[in-house]
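First comes the structure, then the notes that go with it.
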Amino acid sequence: MKRPDEIKDTMEVCKAGFESRTRFRDQLPSVVDRIVESCHDEKCFEHIDAELIPSQESVIGILKRLREILFPGYFDQESIDRMNLTYQLGRSVDLLFEMLSEQIAHSMRHECLRYDQPCVECVQLSYEGTLKFLESIPKMRLVLATDVRAAYEGDPAAQSYDEIVFSYPGIFAIMVYRIAHQLFTQQIPLLPRIMSEYAHSVTGIDIHPGARIGESFFIDHGTGVVIGETTVIGKNVRLYQGVTLGALSLPKDAGERLRATRRHPTIEDDVIIYAGATILGAGCVIGARSVIGGNVWMTESVPPDTKVLLEAHRLIYK
Amino acid sequence: MKRPDEIKDTMEVCKAGFESRTRFRDQLPSVVDRIVESCHDEKCFEHIDAELIPSQESVIGILKRLREILFPGYFDQESIDRMNLTYQLGRSVDLLFEMLSEQIAHSMRHECLRYDQPCVECVQLSYEGTLKFLESIPKMRLVLATDVRAAYEGDPAAQSYDEIVFSYPGIFAIMVYRIAHQLFTQQIPLLPRIMSEYAHSVTGIDIHPGARIGESFFIDHGTGVVIGETTVIGKNVRLYQGVTLGALSLPKDAGERLRATRRHPTIEDDVIIYAGATILGAGCVIGARSVIGGNVWMTESVPPDTKVLLEAHRLIYK
Amino acid sequence: MKRPDEIKDTMEVCKAGFESRTRFRDQLPSVVDRIVESCHDEKCFEHIDAELIPSQESVIGILKRLREILFPGYFDQESIDRMNLTYQLGRSVDLLFEMLSEQIAHSMRHECLRYDQPCVECVQLSYEGTLKFLESIPKMRLVLATDVRAAYEGDPAAQSYDEIVFSYPGIFAIMVYRIAHQLFTQQIPLLPRIMSEYAHSVTGIDIHPGARIGESFFIDHGTGVVIGETTVIGKNVRLYQGVTLGALSLPKDAGERLRATRRHPTIEDDVIIYAGATILGAGCVIGARSVIGGNVWMTESVPPDTKVLLEAHRLIYK
């Protein structure tokens, strides 16, 4: 039990704390004023009087729903059987129609406002775009199935196809890329990039939605992989962690000058690129069936069926 | 205030929007039919009529609970003192018993179904496995304490042991690895891999649950670290970001042929491996007390007490 | 419908399952006892009878709130216009005052207890520290605006400033760094490091809150970037994925000996450092306007206006 003088001490500490809170809190209004004022600084960025854009929460919700549709039964909380499959998918597709068309409309209106264009057709265009996207699902499922098979064939540590679908970050990143790329080709603004950055955050794999990638694609481990906006990748290609398919060095003002030009390499069918390899520039074409060794740094093309290895760098043993 | 013709415009836009929604939504049933049909394509993957497997949510819940048990007081929402410690731990262990045995049973049934085996003992085996796992906790706590100490000794930026437990991604990845490895050695399917891929997603550190790793293990920064399934690591080893302990290059059909064989290196006691180093192949043994320099690429063994450095590559100055 | 013998089988399986659950669950108390006992092992870490520290949940909440204040309108769930801006920001700042002062007080009390110091002023100091932090927001907003501009100028794939604020991991990591660094310079313990490790987890970019970084800073892609505690970076610097600004190799006991000494490089104004480059040591100064090529490994200074490239390593073509 506390002694009376201890109780008094505690009470005084409490009182002092309360008083200091009030004293400091009284200064908040003037702090808020300065913060509000700083929002109007022309040099700063704000998004006031603008259209809402897709929040990360809504994008995560859409991707979760799509994963349930693309890999039915794998990520559902309830068991799916032959009988309830139609109900389950029908319900999911209907919900997705609402979720996706809403975010597509937000993204479109945001861009219209940015260019001060009137935006009377955004609603209709968003429904049209959503339907077109939904119609692409059966084909997307087929392509993703080739990706899962490629993972099983390429990774001796894989125990089963199920394990790959459930847990491989490479498959998640590729699934999100294929979704984002479909929206990108439909010229939906903002949304594809927000999706791909979500996958980047979850997996460490950064695939720009603009890249074009063939079937049976596999990325093992994946952390640090970067695939640039104008990269073209053929069928049956396998990458490991830390591979960069990037642009050549850019001058300081590159952003404005090179926007929308081809800047990234071409990887033909059946190529394997080992961990940490860097392949740069639009002029660089890796011929079919080539193998690029780990840590190789390339800016020039190689013909088909080439093996490119780093010359064993001399090691110093002490 | 809006003029009457503006109001009329707004109403017409609303009406047009509503009509287009109905028009596009009417096409959903046929889209759903094609999606359902595509689920029955033999080339695709579905998980229909299958056992539910551990969801990421349940795995995150189990790991959170385990972290509270392994590092008592660090991650609890309420203060823990000597008196309520037993109640708190008792309650946690009891809840964990239910959570873990349920997910172990799911994982087992999933595998049984995959091989069309009858599964009458899954319930009993799941309780047995859970109890065995819980019994391993005191030993696991001791080993994790050596890991925390190794982090403090190895990182001059560390201010206190507490900071390491609270915030170091390396410690989180190692904790999840030690949990997943225990389940892996108990031959629980699926669950260990889902756990390790969760840690990979959070930390960028990819440790396969099958690897064998001694005490006082420290990974600094960690993003991009890959430790393969059959790696063996001794005591008191320190790794930095981007280190790969991997397999030698694999032919296209490697998956099937090399499953379950030894493919990864051996790292003996007291070795330090700096950032970006790559060590590959089952034949590669790094002798005790060796130091491997940053970015070194090795496929051959070195005797104990060796320093391996990259020969300073010539730099071009312009 | 099930036949009677099938029903009997099902019932027996259920009964067996229930009995085995009871049998295994009966062993829990002794397991708990051993776990509790292991908490008192002197070699282990516990956090019993200690102050609560900031949970990751509270840190995420604080950063989310701060992001809404630093980039108003971008991440809000409701539209912000000129009229409601003051209300919205006022409310946010008031809530933040409570959230942040509470966690600062926790962090301070935690450190006081660690050194067995009496802690009578923690409450007052936490309000004082929070107010000082809030007063730094207008300046922080200006600096972050230069970072967004640097991203747009440096990345040809960027479509708009909005896209950068919404989705670029580099901007998120830099924002969290600037927040954490402000708290670090105010000598708030623990909280800055927990913040920077959260950003590390989300983006793969690991910036220690102690680093000093000038305006117009851009990190592209970013996965694997490590910026050490005593690094100094000038204005208008651009980094790519996998760049390490680190310390030279450390002996086993380095932790204790080198704590609080300068260990990391200096990067002067207008420098570009390409992917995978590694720059190590307090003695290493990269002169203004220099360009460091991809994968370069440096431990020595270069004068201003230098280009450093890897000598094209010989590749072996087969």
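The values are calculated or read from the model by the stated rules, or taken from the named source; none is laboratory data. Because the structure is predicted, anything quoted here is derived from the model rather than measured. Heads up, the Cβs are rebuilt from the backbone with ideal geometry, glycines too, and the neighbour counts pull from every protein chain shown. Keep in mind that these areas ignore ligands, DNA and RNA; they rest on the heavy atoms of the full protein, side chains included. Shrake-Rupley method; radii C 1.70, N 1.55, O 1.52, S 1.80 Å.
Couple of notes before you dig in:
- Conditions (1) within 27 Å of B:Leu28 (Cβ to Cβ); (2) in contact (Cβ under 8 Å) with a residue 12 or more places away in the chain: number failed by A:Thr185: (2)
- Among the conditions (1) open to solvent by less than 10 Å² (accessible area, probe 1.4 Å); (2) within 9 Å of chain A (Cβ to nearest Cβ); (3) outside any helix (DSSP H, G or I), C:Pro209 misses just one, which is (2).
- The number of residues in segment B:56-83 that are under 31 Å from the mean Cα position of the chain (by Cα) and either modelled with pLDDT under 80 or at the interface with chain C (Cβ under 10 Å from one of its Cβ atoms) (or both) comes to 12.
Quick grid of which residues meet (1) outside any helix (DSSP H, G or I); (2) buried (at least 22 other Cβ atoms within 10 Å of the Cβ); (3) at positive phi; (4) away from chain C (no Cβ under 13 Å):
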{"site": "B:Ala150", "(1), (2), (3), (4)": "no, yes, no, no"}
{"site": "B:Ile174", "(1), (2), (3), (4)": "no, yes, no, yes"}
{"site": "B:Arg193", "(1), (2), (3), (4)": "no, yes, no, yes"}
{"site": "B:Ala199", "(1), (2), (3), (4)": "no, yes, no, no"}
{"site": "B:Gly222", "(1), (2), (3), (4)": "yes, yes, yes, no"}
{"site": "B:Lys235", "(1), (2), (3), (4)": "yes, no, no, no"}
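- Each residue in segment A:135-161 was checked for being free of Cβ contacts under 8 Å to residues at least 12 places away in the same chain and touching a strand residue (DSSP E or B) at 6+ places or on another chain (Cβ under 6 Å), and 0 pass.
- From the list C:Gly129, C:Gly90, the one residue that fits, being outside any loop (DSSP other than H, G, I, E, B), surrounded by 21 or more Cβ atoms within 10 Å (Cβ to Cβ) and of a type in the set (Gly, Ala, Ser), is C:Gly129.
- Within segment A:237-246, being small (Gly, Ala, Ser) and either farther than 25 Å from A:Gln186 by Cα or surrounded by fewer than 24 Cβ atoms within 10 Å (Cβ to Cβ) (or both) holds for one residue alone: A:Gly242.
- Scope segment B:262-278; condition at pLDDT 95 or above and of a type outside the set (Asp, Glu); matching residues: B:His264, B:Pro265, B:Thr266, B:Ile267, B:Val271, B:Ile272, B:Ile273
- All conditions but one from (1) of a type outside the set (S, T, N, Q); (2) facing chain C (nearest Cβ under 10 Å); (3) open to solvent by less than 10 Å² (accessible area, probe 1.4 Å) apply to B:His110; the one that does not is (2).
- In this entry, B:Ile179 is excluded by the filter for residues that are more than 27 Å from C:Thr22 (Cβ to Cβ), in a helix (DSSP H, G or I), of a type in the set (Val, Ile, Thr) and more than 8 Å from chain C (Cβ to nearest Cβ).
- Where B:Glu19 falls short, out of the listed (1) assigned by TED's automatic domain parsing to the domain that holds B:Ser196; (2) part of a helix (DSSP H, G or I): (1)
- Number of the exception - A:Arg259 against (1) modelled with pLDDT under 90; (2) within 17 Å of A:Leu239 (Cβ to Cβ); (3) in contact with a Pro (Cβ under 7 Å, 6 or more places away or on another chain): (2)
- Tally, over segment A:14-39, of residues that are touching a Lys or Arg at 6+ places or on another chain (Cβ under 9 Å) and at pLDDT below 85: 2
- Restricting A:Val176, A:Val226, A:Val165 to those that are of a type outside the set (Ser, Thr, Tyr) and not assigned by TED's automatic domain parsing to the domain that holds A:Glu121 reduces the list to A:Val226.
- C:Gln27 falls short on exactly one of the conditions (1) crowded, with 18+ Cβ neighbours inside 10 Å; (2) away from chain A (no Cβ under 14 Å), and that condition is (1).
- Evaluated against (1) open to solvent by 30 Å² or more (accessible area, probe 1.4 Å); (2) more than 7 Å from chain B (Cβ to nearest Cβ); (3) in contact with a Ser or Thr (Cβ under 8 Å, 6 or more places away or on another chain), C:Leu52 falls short on exactly one condition, (2).
- In segment B:279-298, the residues that are within 9 Å of another protein chain (Cβ to nearest Cβ) and either touching a Pro at 6+ places or on another chain (Cβ under 8 Å) or on the phi < 0 side of the Ramachandran plot (or both): B:Leu280, B:Val291, B:Gly293, B:Gly294, B:Val296, B:Trp297, B:Met298
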